[in-house]
Each structure stands twice: as structure tokens, then as C-alpha cells.
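Enquirer: Please read through the structure below; I'll follow up with questions.
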Amino acid sequence: MSSVGNSTPIRSRTHCGRYTDLDADKLRGGYYTSASLAAWLSAWAIRSATDKVLEPSCGDGAFLDAAASRLERVELNDDGSSKQLLGVEILEAEAVKARRRLEHHYGAQASGMVHVGDFFDWWAATNQPSFDVVIGNPPFIRYQSFPEPHRHRAMEIMKLLGLAPNRLTNIWVPFVAAATASLRPGGRLALVLPAELLQVSYAAQLRSFLTDRFQCVHLVSCNELFFANAEQEVILLLADGAQRPSHESTCEVTLTAAATVAEIVDQPATELLSGAAPKAVKHDSEKWLKFFLSNAEIGLMRALRASNQTTTLKTFADVNVGVVTGRNQFFVLRRSDIDRHDIQEHTVPLVSRSQHLKGAIIDGSDWRQLAKADERVHLLDLEPLNGSTLTPELEFYIRHGERMNVHHGYKCSIRTPWYAVPAVWKPDAFVFRQIYDFPRMVLNNSDATATDTIHRMKCRRSPEQTVANTYTHLTAASAEIEGRSYGGGVLELEPTEATNLLMPTELGDAMPVDECDQLIRQNQLADVLRHNDHAILRAQLGLSSRECSQLKTIWEKMRDRRLSRRRRSS
């Protein structure tokens, strides 16, 4: 979700950080759209010499340049050309660059084609809708990094358009909403957006907003990252047929996946999009990640979620974040650290990395091996002291932390005392937060807790059965849809997403968790899944062998897609 990337000389425009005077190297320069991609999007979006085109965050003018070239190819007359193309840019220096690009097309008329100022200010003062086409690459800036008064204006426009922003809302969301509302009936929207559009909760309303206001939404993804120096997966949004909002309207959504950027720009958009099957849209918070699947696969997942034969993990357990220390470097210790500072009596066992969890169970023997290997598996737990006098050794270590300014960190600074880490409790099981292959649940037969790199699960039913019943292709497939993946190919599950994973309504006759554990440690996860698919999905839920195969295919298709991006970016 980072809004920041590294500048490179081969990119053509900046879109990030233009709204802030904070550290320029950090908040500026982010991601850049290539000239070929800007031209490809403009070629799809602009159909007529009379199209009026807006670029709401034009930067140095790469999209304006591409749009001007496209308008020339559709035989735009010189008369009135300055009224056909408009860019908005908040930084004067970038606006000057954009005007210089346009001078090659329009000469002196270019001076009136770039408005300098805040896009949201300009939007509120302009009659809308006014344009046939909106193109561009809006800023990816987190809510907290977007300064006032610009943020307030953006959020007010979202509210005006019927959306409810929150403190997670990235600034590209109001850009998309305002851009959509700028289009005349029948207009087109062509934007470079973060793939978060497909999956994050703060974009759920925007997904419905788009399907209410367009006849067709095309999404183009790429296994090769659009921006080589950024761990940010990006998609292309091509929305056609702008219309008055109506929940009764039918919007077709297609999703086209390409292997490389070259594969996209080397063919016309109409040709690339022609092979994508339209997908039925549900007007709820359903994620669009499932549009990577076929209609039959989507139908199966929807039917299973609606079935009384399935429920979610929430039925059997609660999932919470791990311990938030405020500074792991100080609170998460090795055995050698403990011995050196003589604070043995004030630590508890800990799992600090998912790599510490080798199978489907962690027991005391596993943890002791980690401790013997001098892994960071000890948590400094001082909350039980409850104001008791500190030993000289412990007081020395706390003063050591203060010399490191640990107590000035946000989490530590709001605690009294700062070194008393809260919520140190032992879970029934661990849930992987970051997933490379399978969404692993691990029974906790040790005395360990976990840091917030791993989630903690407290079960309402048998922990052994609960964990064992998660090892099916049903749970695996739903994890790929409920979670979110980023540029590095890792699937991430937040606690609410983990509790939304599909499970059988009744805990069934799954392979015993100790047998699962042995097979997983021997890299034989497939054997576990095969057994549980037969025992649970077929015998208990009544799924056919074809439906079980479909679930396996869904998991593998979604998993392999994100992992292929990881390989390409590494």
C-alpha cells in the first residue's frame, strides 16, 4: 500500500506527493506511467475529434501529450482545440512541463490547457459533468499523508457523491469518484489505479459506485509489475458508457490478465478486451478478486457461501492480532540476550516469525529447539509486575531501552508504564497473517504467544478439530478471495478476513491434526488436502468430484497468479 516509489529516469510522469511539502524524496516521485501505456489508454478512451478530455492529475503531461497525439490522429481541427483538452496540476513547476509538452501540438494555445491548483477545488468550482473522457494516473497517497485543506475538500466531494470515506481511504478513491462524476452520458474513464480497487474494504463502496455509473467496466491486470521499482500491484480501469446512477442498471465487468506490459500495449485495447467474458456483479462488499476466475468458478464460490452446508471460521473461533510490543528489537529477545542481561524470570515463550511454525502443530519441544538455536522466541513480559520493585538487572535493561528512545515510540508512549506490553495471552492456535502457499492454521501445544506478524486464534469448539477442518481446498480457495495480495506476491489476511474463511457448518471427520502435522513437515500437504476433500467436502457436504476439483483449481489459479508476480519482481 505504499504510496512511495523510487525515481527512475525511464518513467515519464510523477503522480505521487504533489499535495504535500513533506519530505520530497519520500512523498514525491512514486510511480510513473510509460509513454506507451499512456498512448494505449488514450487510444481506447478517445473516439472522436470532438471529445473533450480531462486529466485530473496531469503531472508533467505524459497523458496530455498522448491525448493530444490521439486527437490529432482522429483529425481534430485547430479551431477551439484549447477547449478540448484540460489538465489539472497542483504544482506550478510540473504544470510548466506539461504546457511545454503541449506546445509541440498546439503552440501558444497550450498555455490555457493546464490549470494550476487543487483538483478538488477546481472540481467544486466547475460545472459537472463537462467531459467525454477522463484519463490519467491519480495520486496514491494515504489518508494520513494527505494534508489539509485538500483532504477535507476531497472527503466532502465523496460525501456529496454518496460515498462514506474513512481514515483508511487512499486519496486515489475520491479522484476516481470525482472523475466519474465529471463524465457526460456515454463518456469513458481510463485510469491507472492500484489493484487495491479489487480487494480492500475502503474501496468497496467505490466498486459499487462504478458499477452503478457505467454500462461496462474493463479491468486489465498484469503479472509483470507496471512499475518496476515499486511493490505496488497496479491495474488499468477502462470504464465505458457513463450513465446516471441506478442500482437497477446492469453493468458488465470483465477482467483481462496479461503476462507482460508489452503484451498489453502491443495490441489495440478492443482486441485485448474482446476475449474477456463478462462477469455478473453483486451490489455488496464482494471483492473483485474473484473476477480472475471463470463464471462457473465464481458461481460455485457464491453458491457455497450461500449454502447452509458451509459457515465461516467465525462460527468456531475468534482471530486477533498478535502482541504489539511497540519495538520488537527491545521486547523480543534471544536466549543469549536474556542471559547477558540476567532477566530470565521476566520473559514468556514467543513465536515471532511464521517460519517458526513448521507443521500443523507447535509443541514445547519445537519451541525449545528454537530457543536452543538462539532464535528470537522470548517476549519481555513486565505487565504482571503491577508496580512491583524492579530488580537492578531489570531496571538496567529498561534504562537501556530509554537510551534507545524506545519509550518515545507511539505504542510505548501511550502505556503506563511504557515497558508493560498488554494483551500477552496464549492462543489455542496460530493463523498465518502473510501467506505464500496455503493459509496455514497451527495448533498451539506450547506455552507460546505471538507477535503481530502472526494472528492468534481462540476457539469456541475443539481447537484440534477446528484447525484440522481448515485443511481443505474450500478454505484455501476462499482465502485467496477474502485476502489481499500486493506486488511481492504475498497473500495477507487480516483478522476479520481470516474469520470470513469458508468452513463446513459442522466440524467433520478431518484427518487428525497430529497426522496433518507429520505430513506437512514432510512436504506432503497435498495428501492432507486430498484426504480432507474426500472426508469433508464430498462425504459431508455432498460436493461432487468435479466441484472438489474446481475448488482446487480456484486455489491454484489465484495462488499461482500472485506467486508469479513475486518471481517477476524478485
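None of the figures in this text is laboratory data; all of them are computed from the coordinates on show. What you are looking at is a predicted structure, and each value in this text was computed from that prediction instead of being measured. Counting neighbours? That spans all protein chains shown, and the Cβs are built from the backbone with ideal geometry, glycine included.
Enquirer: Mind counting lysine pairs for me in the stretch 24-288? Cα separation below 28 Å, and the two need to be 8 or more apart along the chain or on different chains. Mind showing how you got there, number by number?
Expert: On the way: Lys26/Lys97; Lys52/Lys83; Lys52/Lys97; Lys52/Lys159; Lys83/Lys97; Lys159/Lys282; Lys159/Lys287; Lys279/Lys287.
Count of close lysine pairs: 8.
Enquirer: Under a Cβ-only charge scheme (Lys and Arg +1, Asp and Glu -1), can you give me the dipole magnitude of the stretch 24-288 about the Cα centre, in debye to the nearest 20?
Expert: Values: 24 positive and 31 negative charges, 112 e Å.
Roughly 540 debye, rounded to the nearest 20.
Enquirer: Which value, in Å to one decimal place, does the Kirkwood hydrodynamic radius take for the chain when every pair of different Cα atoms is included? Could you put the intermediate results ahead of the total?
Expert: Values: mean 1/r = 0.0383 Å⁻¹.
When all Cα pairs of the chain are included, the Kirkwood radius is 26.1 Å.
Enquirer: At most 11 other Cβ atoms within 10 Å plus a DSSP loop assignment makes a site exposed; report the longest stretch of the chain without any exposed GluC sites (Glu not before Pro).
Expert: On the way: sites that count: Glu75, Glu248.
My reading of the result: 249-570 is the longest stretch.
Enquirer: A follow-up question, please. Hey, could you get me the Stokes-Einstein D for the stretch 319-569, Kirkwood radius over alpha-carbon pairs, 37 °C and 0.692 mPa s, rounded to whole µm² s⁻¹? Don't skip to the answer; put the middle values down first.
Expert: Values: Rh = 19.6 Å.
My calculation gives 168 µm²/s for D.
Enquirer: Just name one of Ser69, His534, Leu289: the one whose Cα is farthest towards the positive end of the charge dipole of the chain (beta-carbon charges, Lys/Arg +1, Asp/Glu -1).
Expert: Looking along the dipole axis, the top candidate is Ser69.
Enquirer: In addition: For a quick check of your reading of the filter: which trypsin sites (Lys or Arg not before Pro) in the stretch 117-185 sit in a DSSP loop and have no more than 15 other Cβ atoms within 10 Å?
Expert: On the way: sites: Arg142, Arg151, Arg153, Lys159, Arg167; in loops: Arg142, Arg167.
Taking the stretch 117-185 and a limit of 15 other Cβ atoms within 10 Å, the loop trypsin sites (Lys or Arg not before Pro) found are Arg167.
Enquirer: Quick one: which residues, 5+ away or cross-chain, put their amide H under 5 Å from the amide H of Arg433? H built at 1.01 Å from N.
Expert: Sorted by chain and number, the residues that satisfy this are His455.
Enquirer: Per residue of the stretch 99-113, what does 6.51 cos²θ - 1.76 cosθ + 1.60 with θ = phi - 60° give for ³J(HN,Hα)? Whole Hz please, x for Gly and Pro, Karplus curve as stated.
Expert: Karplus values, whole Hz, x for Gly and Pro: 4, 4, 4, 6, 4, 5, 9, 10, x, 5, 5, 4, 4, x, 9.
Enquirer: What length, rounded to one decimal in nm, is gained on full extension from Thr391 through to Glu492, with 0.36 nm per residue of separation minus their alpha-carbon distance?
Expert: Details: separation 101, 0.36 × 101 = 36.36 nm, distance 4.10 nm.
Stretched fully, the Thr391-Glu492 segment lengthens by 32.3 nm.
Enquirer: Over the residues of the stretch 331-429, compute the C-alpha Rg and express it relative to 2.2 N^0.38 Å.
Expert: Details: Rg = 14.4 Å, N = 99, 2.2 N^0.38 = 12.6 Å.
It is 1.14.
Enquirer: Consider all pairwise Cα distances in the stretch 65-164 and report the whole-number % of them above 16 Å. Show your work: numbers first, answer last.
Expert: Values: 3140 of 4950 pairs.
Result: 63 percent of Cα pairs exceed 16 Å.
Enquirer: I want to check the label-to-label distance for Ala526 and Glu148. Put each point 7 Å from Cα in the C-beta direction and report it in nm to one decimal.
Expert: 5.9 nm
Enquirer: Report relative contact order for the stretch 319-569 in percent, whole number only (criteria: Cα-Cα under 8 Å, sequence separation at least 6). All intermediate terms of the calculation are to be shown ahead of the outcome.
Expert: Working: 410 pairs, mean separation 58.4, N = 251.
Over the stretch 319-569, the number comes to 23 percent.
Enquirer: Just going by the charge dipole of the chain, with Lys and Arg at +1 and Asp and Glu at -1 on Cβ, which of Ala179, Gln309, Ile398 is farthest out on the positive end?
Expert: Ala179
Enquirer: Using a Förster distance of 25 angstrom, determine the FRET efficiency expected from the C-beta separation of Arg461 and Lys282, and round it to 0.05.
Expert: Working: r = 30 Å, r/R0 = 1.21.
Here the calculated transfer efficiency is 0.25.
Enquirer: For Leu85, enumerate residues with amide H under 5 Å from its amide H, sequence gap 5+ or separate chain, H modeled in the peptide plane.
Expert: Here Val53 satisfy the definition.
Enquirer: Same structure again: When you have a sec, figure out the Kirkwood radius of the stretch 326-389 from all distinct Cα pair distances and drop it here in Å to one decimal? Write out the running numbers ahead of the final one.
Expert: Values: mean 1/r = 0.0796 Å⁻¹.
The answer is 12.6 Å.
Enquirer: I'd like the projected area of the stretch 24-288, averaged over all directions, using the convex hull of its alpha carbons. Report it in nm² with one decimal.
Expert: 13.2 nm²
Enquirer: Something else now. Skipping prolines and chain starts, which residues have an amide H placed within reach, meaning under 5 Å, of the one on Leu382, given they are 5 or more residues away or on another chain?
Expert: Placed amide hydrogens put Val421 under 5 Å from Leu382.
Enquirer: Relative to the longest principal Cα axis of the chain, at what angle does helix 35-45 sit, 0 to 90 degrees, rounded to 10?
Expert: Once rounded, one gets 70 degrees.
Enquirer: Just to verify a number: FRET efficiency for Val321 and Gln267, C-beta to C-beta distance, R0 = 35 Å, to 0.05?
Expert: 0.20
Enquirer: Grab the Cα-Cα distance for Ala93 and Ala35, subtract it from 0.36 nm times how many residues apart they are, and report the gain in nm with one decimal. Could the numbers behind the result be given before it?
Expert: Numbers: separation 58, 0.36 × 58 = 20.88 nm, distance 1.99 nm.
Contour length minus Cα-Cα distance gives 18.9 nm.
Enquirer: Round to the nearest 0.05 the FRET efficiency obtained for Arg305 and Ser48 when R0 = 45 Å and r is the Cβ-Cβ distance. Intermediate values should be presented prior to the final figure.
Expert: Numbers: r = 44 Å, r/R0 = 0.97.
After rounding, the FRET efficiency stands at 0.55.
Enquirer: Over the chain, what is the relative contact order in whole percent, taking alpha-carbon pairs under 8 Å and six or more residues apart? Present the calculation step by step, with values, prior to reporting the outcome.
Expert: On the way: 1129 pairs, mean separation 65.5, N = 570.
Across the chain, relative contact order equals 11 percent.
Enquirer: Assuming 0.890 mPa s and 25 °C, estimate D for the stretch 380-444 with Stokes-Einstein, Rh taken as the Kirkwood radius over Cα pairs, in µm²/s. Provide the component values of the computation, followed by the final result.
Expert: Values: Rh = 14.4 Å.
Result for D is 170 µm²/s.
Enquirer: How much length is gained on full extension from Asn127 to His400, taking 0.36 nm per residue of separation minus their Cα-Cα distance?
Expert: Details: separation 273, 0.36 × 273 = 98.28 nm, distance 6.14 nm.
Computed gain between Asn127 and His400 is 92.1 nm.
Enquirer: If you put +1 on each Lys and Arg Cβ and -1 on each Asp and Glu Cβ, how big is the dipole of the chain around its Cα centre, in Debye rounded to 20?
Expert: On the way: 65 positive and 68 negative charges, 55 e Å.
It works out to roughly 260 debye.
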